[in-house]
1. Please determine, by comparing only the residues of the stretch 103-151 that are touching a Ser or Thr at 6+ places or on another chain (Cβ under 8 Å) and within 14 Å of Ser36 (Cβ to Cβ), which one is most open to solvent (accessible area, probe 1.4 Å).
2. Name, by its number, the condition in (1) modelled with pLDDT under 85; (2) of a type in the set (A, V, I, L, M); (3) under 23 Å from Trp117 (Cβ atoms) that does not hold for Met1.
3. It is to be established whether one or more residues within the stretch 29-44 are touching a helix residue (DSSP H, G or I) at 6+ places or on another chain (Cβ under 8 Å), outside any helix (DSSP H, G or I) and among the polar types (S, T, N, Q).
4. Scan the stretch 156-170 and report the pairs whose first residue is in a helix (DSSP H, G or I) and whose second residue is open to solvent by 70 Å² or more (accessible area, probe 1.4 Å) and modelled with pLDDT under 80, with Cβ atoms within less than 7 Å and a gap of 6+ or a chain change.
5. Any residue that is open to solvent by 100 Å² or more (accessible area, probe 1.4 Å), in contact with a Lys or Arg (Cβ under 7 Å, 6 or more places away or on another chain), part of a helix (DSSP H, G or I) and modelled with pLDDT under 85 - is there at least one of those in the stretch 200-209?
6. For Asp47, which of the numbered conditions (1) assigned to a helix (DSSP H, G or I); (2) open to solvent by 60 Å² or more (accessible area, probe 1.4 Å); (3) in contact (Cβ under 8 Å) with a residue 24 or more places away in the chain fails to hold?
7. Within the stretch 59-73, track down each residue that is on the phi < 0 side of the Ramachandran plot and in contact (Cβ under 8 Å) with a residue 12 or more places away in the chain.
Amino acid sequence: MVVVSLFYVIVFLLAIPGNLIVAVVIGLSKQSLPPSDLYLLHLAVADLLLAITLPFWATSVAQGWVFGDGMCKIVTILQELSFYSSILFLTCISMDRYMVIVRAMEARRANRQLVSWAVCAAVWAVGALLSLPGLFSSASPSQSSSQTVCTDGFDPSRADKWRLATRILRHSLGFVIPLAIMLPCYGVTIQRLFNIRGGFQRQRAMRVIVFVVVAFLLCWTPYHIAVMVDTFFRTKIVPYQCPARMAVDRAMFATQSLGLLHSCVNPVLYAFVGEKFRRRLFQFMRKMGFLERTTSVTRTSRSSLSSEITSTFIHVSF
C-alpha cells in the first residue's frame, strides 16, 4: 500500500506543474485563442482537477478515508468531472485537427471561435451532469479491513442497477464513443498528411498523432476491460468464484492507477512536443526573468503546409 500511495504522490507531483505550465502559458496569451489552444487549456484544467484529488486517495490507501462524508462526495465528484471532461476535450481536439487539416476551407468559413467556447461549456456541463452520482458516495467501514473507505453509497436494494447504469455511461461516454470519434478523425488526418509535402515535419506530426492514440489506449483500455469484467461478474452474466473475484478487484485497482498517468502524459503530448508552445514558454520565461533575453530568432521554412494549419497546431506543431 505504501508503494501505491507513493505512486499517487509521484503522479500528483508530475501532473500539477506540467498542467499548470500549460494553463499559464496558454491562458496569458495576448492573442485570441484558436479552438485547439482553447481545448488544450480546458484539458489542462480538467487534468489539474484530477491531480488535486490524488493526495486524498494516497492518504486513503495508507490510512483509510479520514476526511469524512462531505469530502468523500467532493473528491469523487471532482474525479468523475475530470475523467469525463478530459476525455471529451481529447475528442474535441481530434475533431478540430480533422477540420483544420482535412476540411480546411470549411474550417475557415465557420465561426470556429464562437463554436469552440460553446463546445467547452457543453463539455463541462456534460461532465458535471455525469459526475452527479458522486453525491451518493459516502465514508463507510470496509468489509475486508478495519479501515473506513470512500465508496458509492447506493441503496442496497438498487445498488446493482445504479452501478450498472453508471458503468454503462462510463464505458460509452468515457471510452467507446470518444474512441470511435478519435480513431477515424486521426486516421483520416494521417492519410491527408501523407498527401502533403512536408518531409521531416510531416513525419513528426504523424508520429505525435500516433502517440496520442496509443497513449489513450494504453492508459485507459486495461481499466475499462477490468471494469467490464467486474460488471459481468456483478450482474451474474458470467459465473465466477472467489479467486476470480479477488483477481478482478486487484486488476481494477491497478488499471485505474495506470489511467491516472494519462494526466501526466497529456502536457507532453499536446504541448511540450509542439514548437509553437515551446516558443511561447521560452518567451514567458524570459519575461519572468528565468532566461536571458536573446535577439536571435530561429525559424524553419521546411513546411509546405498552409500558415493556418501551422499556426493552430500548437500540440502537434509542424
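1. In this case the residue turns out to be Gln113.
2. (3)
3. Quick first cut of the stretch 29-44, residues touching a helix residue (DSSP H, G or I) at 6+ places or on another chain (Cβ under 8 Å) only: 29, 32-44.
Checking which are outside any helix (DSSP H, G or I) leaves us with 29, 32-34.
Those still in the list that are among the polar types (S, T, N, Q) too: 29, 32.
The answer is yes; a qualifying residue exists.
4. Pairs that qualify, where the first residue is in a helix (DSSP H, G or I) and the partner is open to solvent by 70 Å² or more (accessible area, probe 1.4 Å) and modelled with pLDDT under 80, are Asp160/Arg234; Arg163/Arg234.
5. yes
6. In the conditions (1) assigned to a helix (DSSP H, G or I); (2) open to solvent by 60 Å² or more (accessible area, probe 1.4 Å); (3) in contact (Cβ under 8 Å) with a residue 24 or more places away in the chain, Asp47 misses (2) alone.
7. Step one: of the stretch 59-73, the residues on the phi < 0 side of the Ramachandran plot are 59-63, 65-67, 69-73.
Those that are on the phi < 0 side of the Ramachandran plot and in contact (Cβ under 8 Å) with a residue 12 or more places away in the chain: Thr59, Ser60, Val61, Ala62, Gln63, Trp65, Val66, Phe67, Asp69, Met71, Cys72, Lys73.
The values are calculated or read from the model by the stated rules, or taken from the named source; none is laboratory data. None of these values were measured; they are calculated from a predicted model. Cβ atoms come from the backbone with ideal geometry, glycine included; neighbour counts cover every protein chain shown. When the accessible area is computed, the model is the full protein with side chains, heavy atoms only, and any ligands, DNA or RNA have been set aside. Shrake-Rupley method; radii C 1.70, N 1.55, O 1.52, S 1.80 Å.
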